[in-house]
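Engineer: Below you will find the structure I want to go over with you.
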Amino acid sequence: MTYNNIIISGTGSYIPSKVVSNQDFARNEFYDENGKAIDQPHEEIAEKFKAITGIQERRYVNDEQNASDIGTLAAELAIADAKIDPESIDQIIVTQNFGDVKKGTIQTDILPSLAARVKHNLGIKNPACVAYDLLFGCPGWIQGMIQANSYIRSGMAKRCLVIATETLSRVLDMHDRDSMIFADGAGACILESKEEDHERGIIGFEMGSWTEEEAYYLFLGKSNTTESDPKVRYIKMNGRKIYEFALNHVPKAMKVCLDKAGVNIHDLKKVLIHQANEKMDNEIIKRLYRLYKIREIPEDIMPMSIHKLGNSSVATVPTLLDQIRKGTAEGNHQIDHGDLILLASVGAGMNVNAIAYRY
């Protein structure tokens, strides 16, 4: 029997070299959303922040780099890993949220699209290689994978390059404690069809959008300090609402994804979840297993990268996947042939998605 599998044939990631620790925020003056100064020692703020999020440090790009630049670097590594001719790529899907934001500016630049810029940077001449961006909040890369899978299944493409890239350091309000969560980074993969004698690759997925009161849990707003220009906007979030939303919806979506794939939860080897908040991610995993009436969570089921890399939005899942495949992930995690893994994310929209993948 022959299976038409949709597989990840190569991955790549770019982790910026600039390390920013929690202590580096000590010089920042933090205010609440009403413009009132936070009257707490920085050590206390940093300790509480680390206890909740798990973040010790994060990475920022250098002054000359933009999202399209680091997306290109991740793409080059994925192409090399897959050992393919770039001219054979049918689609380049770049998932991002803010486009290129040059250092010292406040303007998002998406003309042309980041995908067009990446294709240009890669030197791909084939006009049949269609390049476009996808906006879906932090779950963007997984959504790009779902979309690429659908194109390949339909016969409209055979090979896609799916990139996630973000420079959140350019849209942060440094007077907001939430600015400590965000980071920069890029990840990419080649997704392609391959006829094989055993089933693997993408075997199921689930997705959804909640846009009633949830639509503005993440938004752009003015700085927390009253002295700033109110017309200049920064990334803002309602952390409590996002936390509650994620716990209510992500485990259910993950279960639906696994059930659609027709697999057993006991066969699950790894869960690669969006690296937004360690406490939240741990609770999501617990709730997933409770949906199957399982209390004991398998050891090492959930690799983490948030401790050193922070939350790089769309880039967290593909970067983590690449680190595991290349043997550089924290905790020495590995994925072996035949392993069942689950990719899942939640973010602005509010959007949720998941992919069941047989490695």
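Engineer: Say the dipole of the chain comes from +1 at the beta carbon of Lys and Arg and -1 at that of Asp and Glu; which of Leu77, Met207, Gly239 then lies farthest toward its positive end?
Structural biologist: Met207
Engineer: Additional query: Antiparallel DSSP bridges in the chain: what percent, to the nearest 5?
Structural biologist: Around 75 percent of the beta bridges assigned by DSSP in the chain are antiparallel ones.
Engineer: For the range 252-309 and the range 81-141, compute the distance between their C-alpha centroids and round to whole Å.
Structural biologist: Using only Cα atoms, the two centres lie 30 Å from each other.
Engineer: Give the order of Leu342, Leu161 when sorted by the count of other beta carbons within 10 angstrom, beginning with the fewest.
Structural biologist: Going from least to most buried by this count: Leu342, Leu161.
Engineer: In Å, what Kirkwood hydrodynamic radius results for the range 3-196 from the alpha-carbon pair distances?
Structural biologist: 18.0
Engineer: Can you give the convex hull volume per residue for the Cα atoms of the range 281-359, as a whole number of Å³?
Structural biologist: Hull volume normalised by residue count: 110 Å³.
Engineer: With respect to the cross-link table entries Lys103/Lys279; Lys103/Lys308; Lys158/Lys326; Lys50/Lys236, which display a Cα-Cα separation exceeding 29 Å?
Structural biologist: Pairs exceeding the cut-off: Lys103/Lys279.
Engineer: So, one more: Hey, what do the phi angles of the range 305-318 turn into as Karplus ³J(HN,Hα) couplings, whole Hz, using 6.51/-1.76/1.60 and θ = phi - 60°, x for Gly and Pro?
Structural biologist: 10, 5, 4, 10, 10, x, 9, 9, 6, 4, 7, 5, 5, x
Engineer: Among Ile7, Gly123, Ser154, which residue has its Cα positioned farthest towards the positive end of the charge dipole of the range 3-196, with +1 placed on the Cβ of Lys and Arg, -1 on the Cβ of Asp and Glu, and the dipole taken about the Cα centre?
Structural biologist: Ser154
Engineer: Per residue and in cubic angstrom, what volume does the convex hull of the Cα atoms of the range 82-209 have?
Structural biologist: 140
Engineer: Next question. Based on Cα coordinates alone, diagonalise the gyration tensor for the chain, multiply each eigenvalue by 5, take square roots, and list the semi-axes in whole Å, largest first.
Structural biologist: Computed over the chain, the values are 32, 25, 17 Å.
Engineer: Continuing with this model, one more query. Output the direction-averaged projected area (hull surface divided by four) of the convex hull of the alpha-carbon atoms of the range 1-66, in nm².
Structural biologist: Across all orientations, the range 1-66 yields a mean hull projection of 9.2 nm².
Engineer: Could you check the simple spin-label distance between Asn238 and Arg290, using points 7 Å along Cα→Cβ, in nm with one decimal?
Structural biologist: Reported label-point gap for Asn238 and Arg290 is 2.3 nm.
Engineer: I would also like to ask the following. Just want the ordering: Ile242, Ile306, from fewest to most Cβ atoms lying within 10 Å of their own Cβ.
Structural biologist: Result, fewest neighbours first: Ile242, Ile306.
Engineer: Let me ask another. What is the magnitude of the charge dipole of the range 6-118 about its Cα centre, with +1 placed on the Cβ of each Lys and Arg, -1 on the Cβ of each Asp and Glu, and no other charges, expressed in debye to the nearest 20?
Structural biologist: With only Lys, Arg, Asp and Glu charged at Cβ, the dipole is about 60 debye.
Engineer: Tell me the Kirkwood radius of the range 194-292: reciprocal of the mean inverse pair distance over distinct alpha-carbon atoms, in Å.
Structural biologist: 16.4
Engineer: At 0.36 nm per residue, minus the direct Cα-Cα distance, what do Glu33 and Gln334 gain on full extension? Give it in nm, one decimal, please.
Structural biologist: Value of the extension gain: 104.1 nm.
Engineer: I would also like to ask the following. What ranking of Ser305, Ser312 emerges when the number of other C-beta atoms within 10 Å of each C-beta is taken as an exposure proxy, fewest first?
Structural biologist: Ser305, Ser312
Engineer: Ok, one more. Nothing charged except the Cβ atoms of Lys and Arg (+1) and of Asp and Glu (-1): what's the magnitude of the dipole of the chain about its Cα centre? Round to the nearest 20 debye.
Structural biologist: Roughly 460 debye, rounded to the nearest 20.
Engineer: Still on this structure, I have one more. Apply the Debye scattering formula to the range 201-358, with a single equal point scatterer on each alpha-carbon and no solvent, then give log10 I(q)/I(0) at q = 0.17, 0.19 Å⁻¹.
Structural biologist: For the requested q values the scattering log ratios are -1.01, -1.22.
Engineer: Taking the Cα centre of the range 73-218 as the origin, how large is its charge dipole in debye, to the nearest 20, when only Lys and Arg (+1) and Asp and Glu (-1) carry charge on their Cβ atoms?
Structural biologist: It works out to roughly 560 debye.
All of the numbers you see were taken from the coordinates with simple rules; none came from a lab. Since we're looking at a predicted model, the values are computed, not measured. As a convention, Cβ positions derive from the backbone with ideal geometry for all residues, glycine included, and neighbour counts pool all protein chains shown.
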